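Peer 1: The structure follows.
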Amino acid sequence: MKKKDQERIKRTEQSSQPPTGDGDHAEIHEAVAEPPVGPPGGRDRRFRHTNLPPGFVERRKRPLIKTEPPPPAPPPRMEDYAAIIGMPELDEIRFLARHLQGKTVKMVNSTAVGGGVAEILNRLVPLMNELEVPTKWDVITGGNDFYEVTKGFHNALHGGEFNLTDQIMDIFNSYNEQNRQRMEFAEDLFVIHDPQPAGLVRSKSDTRGRWIWRCHIDLSNPHPGVWDFLKPMVEQYDATIFSSPAFTRQLSVPQYLFYPSIDPLSEKNKELEESYIDKVCDDFGIDRSRPILTQISRFDRLKDPVGVIEAYKLVKKYVDCQLVLAGGGATDDPEGAVVLQEVMDAAGDDPDVIILNLPPWSALEINALQRASTIIIQKSLKEGFGLTVTEGLWKEKPVVAGAVGGIPNQIIHKLTGILVHSVEGCAYQIRYLLTHPEFATQLGKNGREHAKENFLITVNLKRWLILFQILLGMVRPHKTV
Ligand code: UDP
């Protein structure tokens with residue numbers, strides 16, 4: 001890794017507040033008629049009062065209409081996926097499910113809304129029920145003290161500092177115990193997601209079911225004390241599941257690999273009319289007749305938005321292009337606002353750098369921005385799995401991304417996308433793709449196939465059905481990680 005990149009990571013690690021994804025976004029939407037400062041480039045754009053950095057230019061021509069989340073779209077049904085994965089694949093899923101009909105499943109996590117796990121369960125649970133594998137989704141409850149502890153655990157398991165005291169362990173154990181007493185465990189299979197409810201496994205000996213711990217986080221470099229506390233719980237499960245081989249730890253129980261997945265029928269990923277994509281670009285002042293480079297990411301230094309601007313500037317010396325940096329959460333996350341300011345400073349008054357601070361319910365707009373892009377960038381310095389990469393691959397885009405976290409599972413260098421390790425490398429590859437459109441197109445096609453084979457919700461569903469059969473002794477395991 002280059003020195004500049006190391007410095008960026010260091011700056012992030014020094015900052016005290018980890019970014020959060022939730023909070024009150026209402027302030028973003030107070031549209032006002034008069035701009036507080038003149039927009040760069042003298043273009044006619046609207047401004048809003050926000051607690052965003054002074055000088056943040058709201059690119060949208062019309063004020064936001066959606067000031068709160070739209071009602072959720074009705075969940076797709078199994079048959080809706082036939083057009084995407086084909087009938088034989090759908091039949092295979094139905095065949096696998098038939099063997100499990102009547103077997104009951106309970107999924108447990110710590111939040112019903114917000115975050116990737118809730119998003120996945122929202123889709124997965126109705127599909128399993130439609131397949132006549134009765135699946136319940138329970139959410140554990142806890143006070144603020146519990147969520148402070150589990151947030152601390154989350155950061156510590158990602159390698160952060162943590163002072164694990166007896167009191168903290170008591171808080172974790174007592175809320176797990178309260179939930180355990182409140183809940184019933186009558187199903188055949190229990191899937192407990194992430195560390196927060198991990199202690200429910202104490203009920204295992206009172207049940208006839210099989211217990212699975214689904215870990216969505218990267219455990220490769222955990223705080224030793226916190227991991228020593230959790231490990232004995234984890235090792236009581238019949239099986240564990242991780243999102244990447246790189247995220248696992250040595251365990252005495254079997255481990256399975258389940259990649260995270262995206263739903264091709266969700267607002268974020270479904271096909272869109274060209275006219276809608278045109279409208280979104282027009283609203284944001286993006287010119288579709290020139291190349292568009294896009295990075296969609298929270299304003300977080302680990303996503304390296306400033307590095308992306310530096311790479312863009314190197315490219316721009318040779319090839320005309322625009323850069324779209326779209327993120328969210330900068331109003332309620334103090335660090336996000338600071339990073340947004342850094343991004344704006346780095347962009348200067350270049351009208352071809354389009355910085356967008358989007359509310360959390362912008363799935364359709366993000367979909368349109370990704371589809372309008374010539375190249376998708378995800379120049380992360382550290383990453384979880386990197387769902388924005390999956391989304392880009394699925395949309396048949398050439399993706400240029402940092403070789404960190406789960407990204408190398410998705411991008412096979414020069415086959416399904418491009419892996420980069422520095423600003424200069426990123427610039428070089430972008431320039432190459434812009435000047436070799438046939439190669440870029442081929443990468444996009446391969447990327448979509450790779451995503452279809454590995455990272456769609458239907459693939460994930462199939463894995464669950466197979467694992468359930470393994471754990472219930474109906475089939476023999478083929479492979480573990
Ligand atoms: N995303 C979003 N709005 C934003 C920025 C990101 O909806 O302003 C979405 C993005 O499309 C992706 C997810 O949030 O689905 C980010 O997941 P990823 O694994 O890439 O990164 P994370 O934010 O979890 O580190």
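What follows is calculated from the coordinates using simple rules that are stated; it is not laboratory data. For clarity, every value in this text was computed on a predicted model and none was experimentally measured. Don't worry about glycine lacking a Cβ; one is built from the backbone with ideal geometry, like all the others, and counts go over all protein chains shown.
Peer 1: Taking H placed 1.01 Å from N in the peptide plane, check which residues at least 5 places from Thr135 or on another chain put their amide H under 5 Å from its amide H.
Peer 2: When sequence neighbours closer than 5 places are left aside, the close amide H contacts are Val105, Asn129.
Peer 1: Going by a ≥ b ≥ c, the root eigenvalues of the Cα gyration tensor, does the chain fall in the rounded group (a/c under 1.5), the prolate group (a/b larger than b/c) or the oblate group? Display every interim value, and only then the final one.
Peer 2: Values: a/c = 1.75, a/b = 1.47, b/c = 1.19.
Since a/c reaches 1.5 and a/b is larger than b/c, the shape of the chain is classed as prolate.
Peer 1: Right, here's the next one. Hey, what did the chain get for relative contact order, percent, Cα under 8 Å, at least 6 apart? Spell out each step's value before the answer.
Peer 2: Numbers: 834 pairs, mean separation 76.4, N = 481.
The normalised contact order for the chain reaches 16 percent.
Peer 1: Can you run phi through the Karplus equation (6.51, -1.76, 1.60; θ = phi - 60°) for the stretch 410-426 and list ³J(HN,Hα) in whole Hz, with x for Gly and Pro?
Peer 2: 9, 9, 8, 3, 6, 10, 10, x, 10, 9, 10, 10, 7, 4, 5, x, 4
Peer 1: Considering only the chain, what is the antiparallel percent among its DSSP beta bridges, to the nearest 5? Could you put the intermediate results ahead of the total?
Peer 2: Details: 2 of 43 bridges.
Percent antiparallel among DSSP bridges in the chain is about 5.
Peer 1: Determine which aspartates and glutamates satisfy two conditions relative to Lys397: a Cα distance under 13 Å, and not lying fewer than 8 residues away in the same chain.
Peer 2: Glu438, Glu449
Peer 1: Can you tell me what share of the DSSP beta bridges in the stretch 252-370 is antiparallel? A percent to the nearest 5 is fine. Before the final figure, lay out each step's value.
Peer 2: Details: 0 of 11 bridges.
If I count the DSSP bridges inside the stretch 252-370, around 0 percent turn out antiparallel.
Peer 1: For a quick protection proxy, order the peptides 280-289, 365-374 by their average other-Cβ count within 10 Å, most packed first.
Peer 2: 365-374, 280-289
Peer 1: Longer than 21 Å from Cα to Cα, which of Lys316/Lys382; Lys268/Lys445; Lys136/Lys204; Lys313/Lys379; Lys106/Lys382 are they? Say none if no pair is.
Peer 2: Working: Lys316/Lys382 26 Å; Lys268/Lys445 19 Å; Lys136/Lys204 17 Å; Lys313/Lys379 15 Å; Lys106/Lys382 33 Å.
Beyond 21 Å: Lys316/Lys382; Lys106/Lys382.
Peer 1: While we're here: Report the gain in length on full extension from Glu396 to Ala118: 0.36 nm times residue separation, minus Cα-Cα distance, nm rounded to one decimal. Mind dumping the intermediate values first?
Peer 2: On the way: separation 278, 0.36 × 278 = 100.08 nm, distance 2.63 nm.
Computed gain between Glu396 and Ala118 is 97.5 nm.
Peer 1: Give me Asp263, Asp350 ranked fewest to most by other Cβ atoms within 10 Å of their Cβ, as a rough exposure proxy. List each step's numbers first, then the result.
Peer 2: Values: Asp263 23, Asp350 16.
Neighbour counts put them in this order, fewest first: Asp350, Asp263.
Peer 1: Using packing as a proxy for protection, rank 431-438, 385-392 so that the peptide with the highest average count of other Cβ atoms within 10 Å comes first. Can you show the working numbers first?
Peer 2: On the way: 431-438: 15.0, 385-392: 25.9.
Listed from highest to lowest mean packing, they are 385-392, 431-438.
Peer 1: Then there is this: Name the residue farthest towards the positive end of the dipole of the stretch 172-317 from the options Gly307, Gln181, Ala198, assuming +1 on Cβ of Lys and Arg, -1 on Cβ of Asp and Glu, about the Cα centre.
Peer 2: Result: Gly307.
Peer 1: Name the residues whose placed amide hydrogens come within less than 5 Å of the amide hydrogen of Gly417, ignoring near sequence neighbours (fewer than 5 apart) on the same chain.
Peer 2: It is Ile412, by chain and number.
Peer 1: Give me the dipole magnitude in Debye, nearest 20, for the chain about the Cα centre, with unit charges on the beta carbon: positive for Lys and Arg, negative for Asp and Glu. Write down the numbers at each step before the final one.
Peer 2: Values: 57 positive and 64 negative charges, 246 e Å.
Result for the chain is approximately 1180 debye, rounded to the nearest 20.
Peer 1: Right, here's the next one. State, to one decimal in nm, how far the label point of Arg182 lies from the label point of Asp91, with both points 7 Å from Cα in the Cβ direction.
Peer 2: 4.6 nm
Peer 1: Once you place label points 7 Å from the Cα toward the Cβ at Arg202 and Asp170, how far apart are they in nm?
Peer 2: Modelled inter-label distance: 1.4 nm.
Peer 1: Under unit Cβ charges (Lys, Arg +1; Asp, Glu -1), what dipole magnitude, rounded to 20 debye, does the stretch 313-440 have relative to its Cα centre? Walk me through the intermediate numbers first.
Peer 2: Working: 10 positive and 15 negative charges, 116 e Å.
Dipole of the stretch 313-440, to the nearest 20 debye: 560 debye.
Peer 1: Work from the charge dipole of the chain (Cβ charges, +1 for Lys and Arg, -1 for Asp and Glu, about the Cα centre) and give the residue of Leu219, Leu90, Thr150 farthest towards its positive end.
Peer 2: Leu90
Peer 1: While we're looking at this one, here's another question. Counting other beta carbons within 10 Å of each residue's own, what order do Glu453, Glu119 fall into, fewest first?
Peer 2: Details: Glu453 9, Glu119 17.
Ascending Cβ contact count within 10 Å gives the list Glu453, Glu119.
Peer 1: Need the list of aspartates and glutamates near Lys279 for cross-linking: C-alpha distance under 14 angstrom, and skip anything on the same chain fewer than eight residues off.
Peer 2: Partners within reach: Asp287, Glu365.
Peer 1: What ranking, highest mean first, results for peptides 79-90, 212-223 when packing means the other Cβ atoms within 10 Å averaged over each residue? Don't skip to the answer; put the middle values down first.
Peer 2: Working: 79-90: 14.2, 212-223: 20.8.
The densest-packed peptide leads the list: 212-223, 79-90.
Peer 1: Taking the alpha carbon gyration tensor of the stretch 92-153, what are the square roots of 5 times its eigenvalues, largest first, to the nearest whole Å? Intermediate values should be presented prior to the final figure.
Peer 2: Details: eigenvalues 178, 25, 14 Å².
Over the Cα atoms of the stretch 92-153, the ellipsoid semi-axes are 30, 11, 8 Å.
Peer 1: Can you compute the helix-only [θ] at 222 nm over the chain? Use -39500 (n - 2.57) per DSSP H run of at least 4 residues, normalise by all residues, nearest 500 deg cm²/dmol. Please list the in-between numbers first.
Peer 2: Details: 16 runs with 190 residues, N = 481.
Value at 222 nm, helices only: -12000 deg cm²/dmol.
Peer 1: Which translational diffusion coefficient, to the nearest whole µm²/s, is obtained for the stretch 165-208 from the Stokes-Einstein equation, given a Kirkwood hydrodynamic radius over C-alpha pairs, 4 °C and 1.567 mPa s?
Peer 2: Working: Rh = 11.2 Å.
This corresponds to a translational diffusion coefficient of 116 µm²/s.
Peer 1: If you don't mind, there's one more thing I want to ask. Does the stretch 381-439 come out rounded, prolate or oblate, given a ≥ b ≥ c as the square roots of the eigenvalues of its C-alpha gyration tensor, rounded meaning a/c under 1.5 and, failing that, prolate meaning a/b above b/c?
Peer 2: Here the stretch 381-439 falls in the oblate category.
Peer 1: Also: From the backbone phi of the stretch 319-324, what are the Karplus-calculated ³J(HN,Hα) couplings (6.51 cos²θ - 1.76 cosθ + 1.60, θ = phi - 60°) in whole Hz, Gly and Pro given as x?
Peer 2: Once rounded to whole Hz, the list reads 10, 5, 6, 10, 10, 10.
Peer 1: Hey, what do the phi angles of the stretch 281-292 turn into as Karplus ³J(HN,Hα) couplings, whole Hz, using 6.51/-1.76/1.60 and θ = phi - 60°, x for Gly and Pro?
Peer 2: Listing the rounded values in order: 5, 4, 4, 8, x, 9, 8, 6, 7, 10, x, 10 Hz.
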